[in-house]
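Below is one structure; the comments refer to it alone.
The values are calculated or read from the model by the stated rules, or taken from the named source; none is laboratory data. Model, not experiment: these values are computed from the prediction. As a convention, Cβ positions derive from the backbone with ideal geometry for all residues, glycine included, and neighbour counts pool all protein chains shown. All accessible areas refer to the heavy atoms of the entire protein, side chains included, with ligands and DNA or RNA removed. Shrake-Rupley method; radii C 1.70, N 1.55, O 1.52, S 1.80 Å.
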Amino acid sequence: MDLDKLLEIGNECIHSEPPVCVASCPVHMDVIAFTSEIEKGDFAKAYKIMENKIPFSRLIGKICDHPCESKCVRKDVGGSIKISELEKTVIDLGYDAPKKAMLLPKTKGNIAVIGGGLSGIVTAVELDKKGYQVTIYEKSSRLGGSLWDYEGKGLDSSIIEEELLLISKKGISVFFNTEVNEENLQTYIEKYDAIYLGTGYWSKEYDINPDTYQSDIASLFIGGKIQSKNNSVIHCVSSGKRAAVSIDRYITKTSMLASREREGIFETKLNYKIDTVKPIDVVKKTSSIYFENEAKKEAKRCLKCQCNECIDACVHMQRFNVTPDSYIRNINHNERIILGTHSANEMINSCTQCGLCKEVCPVGIGMKDIIHDTRESMVERGKMPLSAHDFALKDMSFSNSDYFSMVRKQPSKEDSKSLFYYPQIAFCGYTRGLYKGSGKTGFLFYPGCQLSATHTDYIGDIYKHLVGAIKDKDAQNDVGLYLGCCGAPADWAGRVDLMPQSVEKILNVWKEMGEPTFILACSSCTSTFEKYLPMIKTVSLWEVFDKYGLPEVAIKKGKKELSIHDACATRHDTQIHKSVRSIVKTLGYSIEELEFSKDKAKCCGYGGLVSCANKEQADDFVNDRITESEQDILVYCAMCKDAIVKGNKRAYHLLDIIYGNEIDQAVPQKMPTLSDRQNNRKRLKKQLLKEIWNEEVKSDLSNTYDFTLNISDEINEIIEKRFILVSDIEQVIHNSIKQKERFFNPETSDYLARLRIQNVTYWVKYEENGSDIVLKDVYSHRMQIVEE
Amino acid sequence: MKDELNITNKWICDKCQESLVLEKVKVRYLEGNFEVELLKCPTCKMVYINDDLALGKMLEVEKGLEDK
Ligand code: SF4
Ligand code: SF4
Ligand code: SF4
Ligand SMILES: [Zn+2]
């Protein structure tokens with residue numbers, strides 16, 4: 001993984017970019033925090049926020065010429081936020097006399113500030129804070145300069161005086177009535193480590209660096225009006241602050257320019273969109289300044305401009321409270337540490353790789369590929385937590401084993417002879433399709449492992465329908481069938497070691513079958529094929545249905561309204577979106593589109609194997625999704641249905657409505673358990689072979705035991721939650737009875753047995769009544785216990 | 001895993017019909033090797049682990065080692 005490149009992507013994230021008001025404030029007052037505190041009514045905190053960035057804030061806040069306001073994005077939707085008016089109210093309601101500061105030793109150097117006006121006193125206090133001994137030379141008999149122009153026009157003389165006392169309180173020495181001019185300047189330059197010149201006017205023109213305020217004399221810094229040539233109060237303050245930074249850097253011999261690009265007014269990368277913002281008018285003052293409630297109301301109008309598009313759309317980012325900038329920094333750290341805890345593992349395994357973030361991000365940052373690459377890197381470095389994806393990967397290898405996996409050509413004409421009689425041949429499309437058998441497999445129906453596991457009984461019907469419908473229009477091309485798993489779990493788990501062999505296997509079948517078009521019925525298959533098998537032409541089952549016709553089933557046309565939950569894996573597949581909607585409408589349903597649909601589809605929580613790695617996170621996804629609509633949900637991915645039903649919301653698979661299977665509204669909808677699913681796959685293969693290819697699966701691959709296992713609903717829930725298979729439980733019990741390897745509790749008459757199967761030790765507590773076994777509890781651990 | 005000193009434990013080994021005794025047992029996971037006191041059959045050495053331990057402390061240690 002190229003971590004430097006990754007960090008660059010993270011830097012593109014504008015989540016932490018300031019709003020335009022802050023970027024246009026020469027001292028970068030944190031307007032969002034400021035208005036947020038006002039809104040809460042905490043004026044003291046709001047004042048602290050001002051104080052943080054604005055020196056002499058009790059004065060400046062009253063007279064600032066507020067360049068921020070003209071830039072506020074609210075300006076066209078009700079009017080700019082009255083930031084400067086708010087500052088005035090905050091001073092009146094939130095000002096608190098500063099606590100007596102400790103006098104720190106001033107050892108870093110001696111600085112002369114020439115001119116005790118606004119920029120001069122700002123520079124002086126800033127340098128004092130940094131540990132310099134500062135001396136001010138003022139030609140008149142008082143400090144403050146142009147501040148006094150506001151006496152009675154915004155500022156009270158008593159408050160000006162009170163605030164200026166700060167200078168002497170800090171131990172800054174002041175020489176009044178001392179004029180420094182071009183003639184005697186040299187003596188000061190020789191005497192002091194650096195000079196700040198802020199007299200508002202000067203007889204000689206110096207060359208002044210606009211970024212550092214350094215003049216052509218290295219130790220001479222010039223700011224304020226001499227440099228800016230304008231009367232802006234806040235620019236004057238800003239130049240004093242910046243000159244102090246420069247002087248400090250000059251004396252400590254650090255780079256004069258490094259990371260100072262964003263001092264003063266700068267351009268923010270944030271381009272806050274106001275398309276959906278409702279206009280709210282500026283709150284009118286009823287007195288010379290806002291009253292408390294008026295201020296709160298005005299502050300509330302502030303949009304708190306920040307880019308939160310992705311985190312607003314994604315419960316994963318919400319759960320971990322990250323946006324891509326910080327997310328990527330976390331990944332970077334996780335990838336680089338050698339010793340210590342990889343604390344970002346859980347987060348990385350909780351992203352569904354749904355791709356929504358990229359869709360909503362104004363600068364196009366997406367976590368999907370980053371997370372994928374990160375997981376691959378973790379696997380390569382042996383740092384991927386074993387338990388995170390273990391169950392799903394074992395399930396995948398089950399699906400690709402002989403229990404489920406199989407490939408068949410369309411039954412040949414020769415083999416189907418027995419079917420070719422009247423009325424069969426006249427009324428059954430499937431038989432006619434067989435009769436037209438060409439021997440050339442033009443299409444290969446690939447239902448996928450999850451649809452086959454959860455919607456088992458549709459698969460044979462779909463296959464027969466496809467043979468009939470396709471052969472009717474396209475006599476050249478037979479339709480074959482291929483059962484297996486596309487490898488999506490390995491892809492999600494970052495298993496670089498498993499993916500190539502999975503891809504290879506499919507590719508070989510494709511070649512052997514004469515390069516047919518795959519008919520895909522699962523959204524995860526679709527994206528896996530797209531990514532790893534681009535040479536294989538694919539078409540979605542829904543498109544085929546839409547094009548070649550739906551199965552003829554006697555269905556009462558639904559009158560319901562359904563919300564379509566698009567599968568996130570097919571967000572860019574507009575053809576699938578169209579076909580699905582067309583089918584739904586043909587069947588007589590109306591559609592209420594969700595806010596997040598099609599390319600903006602939200603994930604059900606199954607993506608990225610999140611339901612396996614972080615159950616709570618998967619629950620967040622489904623809960624977020626199901627609250628989007630009142631209607632029953634229509635899905636076209638088996639796993640979406642599984643997730644939504646488990647979230648206690650009614651969900652139809654597209655096949656349910658195609659085959660006219662109404663959901664009984666009176667009973668809770670149920671999905672097959674993990675064990676059911678493996679059994680269903682086994683059963684499906686057996687059934688199809690027998691029914692369609694007239695083949696008998698010789699040895700039943702599953703074990704039979706001489707006990708009957710009784711599992712209550714309650715225990716079943718536990719089994720599911722703990723990702724344990726009934727077949728494993730049976731093995732434990734079988735072993736315990738045969739070997740007597742078990743504990744016995746004389747009080748309850750329960751047995752407790754353990755058995756290590758592959759990398760997990762399973763514990764089963766049960767009651768034995770003859771050959772009847774009642775399951776009491778099941779749990780497991782991965783740690784190995786040495787019994788010696 | 002110490003707190004597994006379960007005095008009220010009623011389980012006996014079904015094969016050996018022996019009461020369980022508390023003894024040091026070796027456990028391993030990934031790069032980790034520990035010794036902990038667990039209940040086991042003194043004869044056949046079968047070690048007893050209850051659900052609290054498996055789903056509590058053991059799981060925690062497993063996760064900790066996986067994130068190392
Ligand atoms: S009013 Fe002035 S100090 Fe306040 S945010 Fe605006 S420019 Fe900055
Ligand atoms: S709406 Fe608020 S955060 Fe946005 S630019 Fe205006 S003052 Fe700043
Ligand atoms: S879960 Fe989806 S939206 Fe959230 S970070 Fe991952 S890919 Fe982006
Ligand atoms: Zn024993």
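From B:Lys57, B:Lys24, B:Lys10, B:Lys2, grab the single residue that is within 7 Å of chain A (Cβ to nearest Cβ) and modelled with pLDDT under 95. One residue alone meets the criteria, B:Lys10.
Got at least one residue in segment A:253-262 being over 22 Å from A:Val134 (Cβ atoms) and acidic (Asp, Glu)? Yes - at least one qualifying residue is present in segment A:253-262.
A:Lys698 falls short on exactly one of the conditions (1) among the charged types (D, E, K, R); (2) within 12 Å of chain B (Cβ to nearest Cβ); (3) free of Cβ contacts under 8 Å to residues at least 24 places away in the same chain, and that condition is (2).
Within segment A:61-81, does at least one residue satisfy the condition of being over 19 Å from A:Trp148 (Cα atoms), of a type in the set (Lys, Arg) and more than 32 Å from the chain's Cα centre (by Cα)? No, there is no match, as no residue in segment A:61-81 is over 19 Å from A:Trp148 (Cα atoms), of a type in the set (Lys, Arg) and more than 32 Å from the chain's Cα centre (by Cα). Looking across A:Val73, A:Val125, one residue alone is in contact with a Pro (Cβ under 7 Å, 6 or more places away or on another chain) and either within 14 Å of chain B (Cβ to nearest Cβ) or more than 10 Å from ligand 1 (Cβ to nearest atom) (or both). It is A:Val125.
Quick grid of which residues meet (1) over 21 Å from A:Glu593 (Cβ atoms); (2) not in a loop (DSSP other than H, G, I, E, B):
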| site | (1), (2) |
| --- | --- |
| A:Asp619 | yes, yes |
| A:Asp624 | no, yes |
| A:Asp642 | yes, yes |
| A:Lys649 | no, no |
| A:Gly660 | yes, no |
| A:Gln665 | yes, no |
| A:Gln678 | yes, yes |
| A:Lys690 | yes, yes |
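Does A:Lys82 qualify as being away from ligand 4 (no atom under 16 Å from the Cβ), surrounded by fewer than 22 Cβ atoms within 10 Å (Cβ to Cβ) and not aliphatic (A, V, I, L, M)? Taking the combined requirement at face value, the residue does not satisfy it. Looking across segment B:27-54, the residues that are within 22 Å of A:Ser736 (Cα to Cα), open to solvent by 40 Å² or more (accessible area, probe 1.4 Å) and facing chain A (nearest Cβ under 9 Å) come down to B:Cys44, B:Lys45, B:Asp51. For segment A:28-48, taking the residues that are within 10 Å of ligand 1 (Cβ to nearest atom) and open to solvent by 10 Å² or more (accessible area, probe 1.4 Å), the one that is farthest from A:Arg301 (Cα to Cα) is identified as A:His28. When you check A:Pro67 against the structure, is it touching a His at 6+ places or on another chain (Cβ under 9 Å), more than 11 Å from ligand 2 (Cβ to nearest atom) and either farther than 22 Å from A:Glu162 by Cβ or more than 14 Å from chain B (Cβ to nearest Cβ) (or both), yes or no? Judged against the criteria, A:Pro67 is a match. If you go through segment A:15-23 one residue at a time, do you hit one that is within 16 Å of ligand 3 (Cβ to nearest atom), away from chain B (no Cβ under 14 Å) and in a loop (DSSP other than H, G, I, E, B)? Yes, because at least one residue in segment A:15-23 is within 16 Å of ligand 3 (Cβ to nearest atom), away from chain B (no Cβ under 14 Å) and in a loop (DSSP other than H, G, I, E, B). Residues in segment A:286-301 that are open to solvent by 90 Å² or more (accessible area, probe 1.4 Å) and closer than 16 Å to A:Gly79 by Cβ were compared, and the one that is farthest from ligand 4 (Cβ to nearest atom) is A:Lys297.
Taken over segment A:328-358, the criterion of being away from chain B (no Cβ under 14 Å) and surrounded by 20 or more Cβ atoms within 10 Å (Cβ to Cβ) is satisfied by A:Ile328, A:Ile331, A:Cys351, A:Thr352, A:Gln353, A:Cys354, A:Gly355, A:Leu356, A:Cys357. Taking the conditions (1) within 17 Å of A:Gly116 (Cα to Cα); (2) not in a helix (DSSP H, G or I) in turn, A:Arg262 satisfies each one other than (1). Within segment A:52-84, being closer than 23 Å to A:Glu126 by Cα, assigned to a helix (DSSP H, G or I) and touching a residue at least 40 places away in the same chain (Cβ under 8 Å) holds for A:Arg58, A:Leu59, A:Ile60, A:Lys62, A:Ile63. For segment A:223-262, the set of residues classified as open to solvent by less than 20 Å² (accessible area, probe 1.4 Å), more than 16 Å from ligand 1 (Cβ to nearest atom) and among the polar types (S, T, N, Q) consists of A:Ser246 only. Determine if segment A:90-112 includes at least one residue that is within 16 Å of ligand 2 (Cβ to nearest atom) and within 44 Å of the chain's Cα centre (by Cα). Yes.
To keep it simple, each residue is scored yes or no on (1) in contact with a His (Cβ under 6 Å, 6 or more places away or on another chain); (2) within 30 Å of A:Asn614 (Cβ to Cβ); (3) open to solvent by less than 10 Å² (accessible area, probe 1.4 Å).
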{"residue": "A:Leu393", "(1), (2), (3)": "no, yes, no"}
{"residue": "A:Lys409", "(1), (2), (3)": "no, no, no"}
{"residue": "A:Asp415", "(1), (2), (3)": "no, no, no"}
{"residue": "A:Ser418", "(1), (2), (3)": "no, no, no"}
{"residue": "A:Thr441", "(1), (2), (3)": "no, no, yes"}
{"residue": "A:Leu444", "(1), (2), (3)": "no, no, yes"}
{"residue": "A:Leu451", "(1), (2), (3)": "no, yes, yes"}
{"residue": "A:Thr454", "(1), (2), (3)": "no, yes, no"}
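Any residue that is under 17 Å from B:Cys44 (Cα atoms), open to solvent by 50 Å² or more (accessible area, probe 1.4 Å) and without any contact (Cβ under 8 Å) to a residue 40 or more places away in the chain - is there at least one of those in segment A:756-765? Within segment A:756-765, one or more residues are under 17 Å from B:Cys44 (Cα atoms), open to solvent by 50 Å² or more (accessible area, probe 1.4 Å) and without any contact (Cβ under 8 Å) to a residue 40 or more places away in the chain.
Residue-wise test of (1) closer than 30 Å to A:Lys304 by Cα; (2) among the aliphatic types (A, V, I, L, M).
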position	(1), (2)
A:Lys71	yes, no
A:Asp76	yes, no
A:Gly115	no, no
A:Leu118	no, yes
A:Gln133	no, no
A:Gly145	no, no
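Where helices (runs of 4 or more DSSP H) sit wholly within segment A:486-553, those with at least 2 residues that are open to solvent by 10 Å² or more (accessible area, probe 1.4 Å) and in contact with a Phe, Trp or Tyr (Cβ under 7 Å, 6 or more places away or on another chain) occupy A:499-512.
For segment A:701-754, a residue qualifies if it is within 14 Å of another protein chain (Cβ to nearest Cβ) and farther than 15 Å from A:Lys776 by Cβ, and the qualifying residues are A:Lys721, A:Phe723, A:Asn735, A:Ile737, A:Lys738, A:Gln739, A:Lys740, A:Glu741, A:Pro746. When A:Leu220 is tested against (1) within 18 Å of A:Gly120 (Cα to Cα); (2) open to solvent by 40 Å² or more (accessible area, probe 1.4 Å), exactly one condition is not met: (2).
Residues that are touching an Asp or Glu at 6+ places or on another chain (Cβ under 7 Å) and surrounded by fewer than 19 Cβ atoms within 10 Å (Cβ to Cβ) do occur in segment A:186-205.
This table checks each residue for (1) out of contact with any Cys (no Cβ under 8 Å at 6 or more places or on another chain); (2) under 20 Å from A:Leu609 (Cα atoms); (3) part of a helix (DSSP H, G or I).
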position: A:Ile328; (1), (2), (3): no, no, yes
position: A:Ile331; (1), (2), (3): yes, yes, yes
position: A:Gly340; (1), (2), (3): yes, no, no
position: A:Ser343; (1), (2), (3): yes, yes, no
position: A:Cys354; (1), (2), (3): no, yes, no
position: A:Lys358; (1), (2), (3): yes, yes, yes
position: A:Ile365; (1), (2), (3): no, no, no
position: A:Asp373; (1), (2), (3): yes, yes, yes
position: A:Lys383; (1), (2), (3): yes, yes, no
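Here's the yes/no breakdown for (1) under 27 Å from the mean Cα position of the chain (by Cα); (2) modelled with pLDDT of 95 or more; (3) away from ligand 4 (no atom under 16 Å from the Cβ):
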position: A:Ser523; (1), (2), (3): yes, no, yes
position: A:Lys537; (1), (2), (3): no, yes, yes
position: A:Pro551; (1), (2), (3): no, no, yes
position: A:Ala554; (1), (2), (3): no, no, yes
position: A:Leu562; (1), (2), (3): no, no, yes
position: A:Thr570; (1), (2), (3): yes, no, yes
position: A:Asp573; (1), (2), (3): yes, no, yes
